[in-house]
1. Name, by its number, the condition in (1) surrounded by 15 or more Cβ atoms within 10 Å (Cβ to Cβ); (2) farther than 24 Å from residue 197 by Cβ; (3) not small (Gly, Ala, Ser) that does not hold for residue 358.
2. Looking at the range 268-303 only, could you name the residues that are within 24 Å of the chain's Cα centre (by Cα), in a helix (DSSP H, G or I) and either without any contact (Cβ under 8 Å) to a residue 12 or more places away in the chain or surrounded by fewer than 18 Cβ atoms within 10 Å (Cβ to Cβ) (or both)?
3. For residues that are open to solvent by less than 30 Å² (accessible area, probe 1.4 Å) and over 21 Å from residue 175 (Cβ atoms), scanning just the range 134-143, find the one that is farthest from the chain's Cα centre (by Cα).
4. Being assigned to a helix (DSSP H, G or I) and either without any contact (Cβ under 8 Å) to a residue 24 or more places away in the chain or open to solvent by less than 90 Å² (accessible area, probe 1.4 Å) (or both): is that true of residue 236 here?
5. Do we have any residue at all in the range 19-36 that's over 30 Å from residue 184 (Cβ atoms), open to solvent by 60 Å² or more (accessible area, probe 1.4 Å) and modelled with pLDDT of 85 or more?
6. Within the range 335-350, does at least one residue satisfy the condition of being touching a Phe, Trp or Tyr at 6+ places or on another chain (Cβ under 6 Å), open to solvent by less than 100 Å² (accessible area, probe 1.4 Å) and touching a residue at least 40 places away in the same chain (Cβ under 8 Å)?
7. Is at least one residue of the range 96-115 among the β-branched types (Val, Ile, Thr), part of a helix (DSSP H, G or I) and either under 22 Å from residue 39 (Cβ atoms) or at pLDDT 90 or above (or both)?
8. If residue 68 satisfies every condition in (1) open to solvent by 30 Å² or more (accessible area, probe 1.4 Å); (2) part of a loop (DSSP other than H, G, I, E, B); (3) modelled with pLDDT under 90 but one, which is the exception?
Amino acid sequence: MNFIDTLKSVDLVLATGEVPLIVGETGVGKTALAKELAQKNNWSFITIDGNLLKEGEIGGLPTIESYTTVNHLGERVEKKATVYAVHTKLKQIDEEVARGETVLLFIDEINRCEHTVQQELMNLILNREINGYKLHERVKIVAAMNPSGKYGSDFDYQVVDMDVAQENRFVWLHMEPDYIQWVDWAIAANLEQKVIEFISTFPEYLHRINADDIRATPRSYERISGIYRIYKEKNGLIPRSVFLNVIRGNVGKLIAEEFVAFVDSDFSALISYDDVFSGNFLHESIGEKVKNESHTRLYLAAKNILKHLETYLQNNGLDAESTVERLIVFLKLYPVDLMIGIMKDIKNSYPAVYELALENETFVEAYFESYRSIR
């Protein structure tokens with residue numbers, strides 16, 4: 001499943017009171033998904049990384065406390081009891097609950113920890129208690145792990161597999177990268193435009209296993225965006241060779257060389273807002289450019305144009321009728337399936353544009369005409 005479908009699936013599983021287990025390769029966005037779910041529902045977000053825990057840590061180290069009781073003769077006697085210290089993450093949960101918050105507890109890497117640690121986490125996940133500590137009912141749990149070769153594929157992870165009984169206690173949700181949805185996320189997260197354009201041009205590089213080299217993942221490009229931003233700001237102070245080496249450390253030699261060459265060559269620019277809306281009519285060269293672009297770059301171009309258009313409509317009061325008419329002429333140049341997808345995006349993400357579009361008969365007719373053509 002892609003990011004959005006997995007997000008909706010996790011939400012549904014939690015609503016039933018069960019525990020979802022997100023299975024996906026490193027860097028695919030499992031943690032980002034859990035954070036977005038917590039933000040969307042206004043929940044506090046606390047994460048436990050199983051890979052960083054040692055035996056007995058999450059359950060708390062044992063200490064001895066004295067207490068007084070009465071024996072069978074009615075005499076007061078002192079006895080000893082073993083109690084367990086509360087782990088700092090569990091203490092954070094209690095503090096959030098005490099403030100009246102609902103907590104999303106994200107337990108990651110449950111198959112990348114020691115077997116004894118895994119058993120302790122299973123008590124917390126499946127029984128909602130450990131060594132006398134009980135999770136409050138306002139705590140929701142999402143677990144995540146990397147895929148295992150046990151299930152038929154050759155994955156290069158050192159994992160501790162669960163037994164069948166444990167596996168059966170989760171709702172398994174397999175998450176895979178989707179470059180179109182990554183583009184949406186990257187735009188919203190303000191990643192560098194050049195990085196987004198690179199993936200739009202080479203979508204196969206979003207998640208790429210490089211033989212005998214570092215694999216590229218969606219997380220890699222989030223880091224590269226920050227690196228590229230600094231590289232730009234330094235304006236020639238960072239040698240190209242240094243920049244290349246740092247990029248290589250994120251995605252491997254092949255993709256690093258491609259990315260730096262992409263930056264250096266200033267690869268053909270995307271169709272822009274000015275390309276579409278300047279002048280008295282849409283220039284015929286735009287039609288040729290659309291024909292020669294990939295679906296991903298066309299999608300990114302449309303998102304950028306709509307983002308600018310939304311801002312201008314809210315602030316500048318453009319000529320509404322002519323603006324929508326020009327937008328329709330432009331979108332009709334797109335492949336039909338992509339045009340429909342973008343029109344749906346307008347409804348979901350660009351309220352000012354959508355309000356004008358609904359008042360335009362040509363826009364509505366264009367949508368239904370396109371929809372009928374693919375049925």
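1. (1)
2. Going residue by residue through the range 268-303, those that are within 24 Å of the chain's Cα centre (by Cα) are 294-303.
Narrowing the set further to residues that are in a helix (DSSP H, G or I) leaves 295-303.
Correct list: 295 only.
3. 135
4. Working: assigned to a helix (DSSP H, G or I): no; either without any contact (Cβ under 8 Å) to a residue 24 or more places away in the chain or open to solvent by less than 90 Å² (accessible area, probe 1.4 Å) (or both): yes.
Judged against the criteria, residue 236 is not a match.
5. First, pick out the residues of the range 19-36 that are over 30 Å from residue 184 (Cβ atoms): none.
No, the range 19-36 contains no residue that is over 30 Å from residue 184 (Cβ atoms), open to solvent by 60 Å² or more (accessible area, probe 1.4 Å) and modelled with pLDDT of 85 or more.
6. yes
7. The initial filter retains those residues of the range 96-115 that are among the β-branched types (Val, Ile, Thr), namely 97, 102-103, 107, 110.
Subsequent filtering for residues that are part of a helix (DSSP H, G or I) retains 97.
The next check asks that each one be either under 22 Å from residue 39 (Cβ atoms) or at pLDDT 90 or above (or both); those that pass are 97.
Checked against the condition, which is being among the β-branched types (Val, Ile, Thr), part of a helix (DSSP H, G or I) and either under 22 Å from residue 39 (Cβ atoms) or at pLDDT 90 or above (or both), the range 96-115 yields at least one hit.
8. (2)
The values are calculated or read from the model by the stated rules, or taken from the named source; none is laboratory data. Values in this document were obtained by computation on a predicted structure and should not be read as measured data. All Cβ positions, even for glycine, are placed from backbone atoms using ideal geometry, and neighbour counts span all protein chains on display. For the accessible areas, the whole protein counts, side chains as well, though only heavy atoms, and no ligand, DNA or RNA atoms are used. Shrake-Rupley method; radii C 1.70, N 1.55, O 1.52, S 1.80 Å.
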